[in-house]
Amino acid sequence: ISFSGDYSKLITPETTQKITTISEQMNARTSAGAEFLGWKNWPSEIDSELVARLQQTAEKIQKQADVLVVIGIGGSYLGAKAVLEALRQPFKTNEKVEIIFAGHLVSGAYLKNLMNYLDSKEVAVNVISKSGKTTEPAIAFRFLQDYMEKRYGAEAAERIYVTTDAEKGALLDVAKEKEYARFVVPDDIGGRYSVFTSVGLLPIAAAGYSIQNLLAGAKRAEEELAEVSLETNPAIQYAVIRNHLYASGYPVEISAIFEERLKFIQEWWKQLFGESEGKEGKGIFPASVVYSTDLHSLGQYVQDGKRMLFETFLKVASVEEDITMQLADNDSDELNYLAGKTLHEVNDAVQQATAEAHLSGGVPLVTLEIPDFSEDTLGYLLYFYMISCAYSAYLLEINPFDQPGVEEYKVNMFRLLNKPGF
Ligand code: PA5
């Protein structure tokens, strides 16, 4: 992590005291929402038998299906989506099973065309809902369960996997009645903190990626980022910098990436921070851009618009594949000055040039750099964001683990759709 301001000035006795208190209260499970801190030690405590069962189930899915439809929304969707998109190399279909998401939106065309697409494939379904009653995924599951039963008959039960609460919810009742294979969303882990549970791990393993390496990265982060230090812990530094900028008149954070495959890491990050912090009239609004694409779009606003933004670059130090600019006989495009440079080097120049430009336009800059796109790195990064988000929300005196604001639209929707009781 690096910061365009003078970070050393943020290491004050007052902030150090606040961070120490937050850490102590989290460890003692006395902080606000502490009953949802199960994710904090999860990477080191996850049961190896669960990991083995997830791996075996993934291998079964790989044998029985070409496509795994993963039904879920919010935290029951974005973690797996983010990791899968970041691991997938552009234009390569190196996954053992194609993963398609559903239930994250309400669209008849989406579901209808999806079912048409599935007709020529072997299919399995993983329906994920902690509460077991979220309307959007429940609608998608109603259609896809019916599709599976019509198509596979009794064998459908062998192809449907349910990830939900251990003890309650409509989805649990269906799973028991139909004898679907079941995985549990732990009681003490909320949706947006659940990527390292079966919620994220089953789809990622089914695609053929290493959940062992993902968890190893998360475990390393858990160990390293447990240190209560404003000087050396980057997760604490990120939380402190964000809160300093927020208090200094920058209520909007824009995550900027330069490799498109990190786009859903941004979406996951937006949910994590937005849903954790945006309460009680407070919170940094998390937004995202993809550069260079958005340098020719929102870049104008970032450079010259209302001064309320700070930017966080998420950079990747090395890429697996690259190409080098060559000398052309005819330099009609006037690009020969780039000859010998790799596109990663050109992209580095884009990053540096953008940083300089936006800084001179009054946009403070935080930079996070990850080494590569491996499972281990992504595990580290996601855990980094989760622990940092907890510190950040607590610095704002917000409970990071509830989401009371998402209920209001649901009540209105139920009333508009004449749900009994509304
Ligand atoms: O982070 C959260 O808790 C939410 O985004 C939930 O994940 C989302 O609302 C889906 O809930 P459920 O898994 O109960 O269907």
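Some observations on this one:
- For segment 402-418, the Karplus equation 6.51 cos²θ - 1.76 cosθ + 1.60, evaluated at θ = phi - 60°, returns couplings of 10, 8, x, x, 7, 6, 4, 5, 5, 4, 4, 4, 4, 5, 5, 9, 6 Hz by residue, with Gly and Pro reported as x.
- Given their separation in residues at 0.36 nm each and the Cα-Cα distance between them, Asp329 and Phe414 gain 23.9 nm when the chain is fully extended.
- Inter-label distance, nm, simple model (7 Å from Cα along the C-beta direction), Phe422/Glu45: 3.5
- By average C-beta atoms within 10 angstrom, highest first, the peptides 297-308, 327-338, 114-125: 114-125, 297-308, 327-338
- Taking the longest Cα principal axis of the chain as reference, the axis of helix 263-277 is set at about 90 degrees.
- Prolate/oblate/rounded call for the chain, Cα gyration tensor, a/c under 1.5 rounded: oblate
- Dividing the summed helix terms, -39500 (n - 2.57) for each DSSP H run of n ≥ 4, by the number of residues in the chain produces a 222 nm estimate of -14500 deg cm²/dmol to the nearest 500.
- Net charge dipole size for segment 1-98 [Lys, Arg +1 and Asp, Glu -1 on Cβ; Debye, nearest 20]: 180
- Beta bridge orientation in the chain: antiparallel %, DSSP, nearest 5: 10
- Of interest is the spacing of the C-alpha centroids, which for segment 9-31 and segment 102-125 amounts to 47 Å.
- The calculated FRET efficiency for Asn336 paired with Asn113, based on their beta-carbon distance and R0 = 51 Å, is about 0.65.
- Packing-based ranking, highest mean first, of 215-224, 56-65 given that Cβ atoms within 10 Å are counted: 215-224, 56-65
- Estimated vicinal HN-Hα couplings, Hz - segment 36-46 in sequence order (Karplus 6.51, -1.76, 1.60; Gly, Pro = x): 10, 9, x, 5, 5, 9, 4, x, 8, 9, 4
- Potential lengthening between Glu369 and Ser229 on full extension [0.36 nm per residue; Cα-Cα distance subtracted]: 48.4 nm
- FRET efficiency for Ser2 and Lys282, using Cβ-Cβ distance with R0 set to 22 Å, rounded to 0.05: 0.25
- Residue exposure sequence - Thr93, Thr377 - by fewest surrounding Cβ within 10 Å: Thr93, Thr377
- For the pair segment 186-238 / segment 73-99, the C-alpha centres are spaced 17 Å from each other.
- Checked against a 31 Å cut-off, the cross-linked pairs Lys112/Lys282; Lys96/Lys263; Lys9/Lys81; Lys60/Lys315 give Cα-Cα distances beyond that limit for Lys112/Lys282; Lys9/Lys81; Lys60/Lys315.
- Highest-MSF residue in the chain out of Ser318, Ser255, Ser76 [GNM, Cα springs under 10 Å]: Ser318
- Test item: Cα-centred dipole of the chain, Lys/Arg +1 and Asp/Glu -1 on Cβ, debye: 1500
Every read-out reported here was derived from the displayed coordinates using simple, explicitly stated rules and does not represent laboratory data. Remember, predicted model here, so these are calculated numbers, not experimental data. Neighbour counts run over all protein chains shown; Cβ positions are idealised from the backbone, glycine included.
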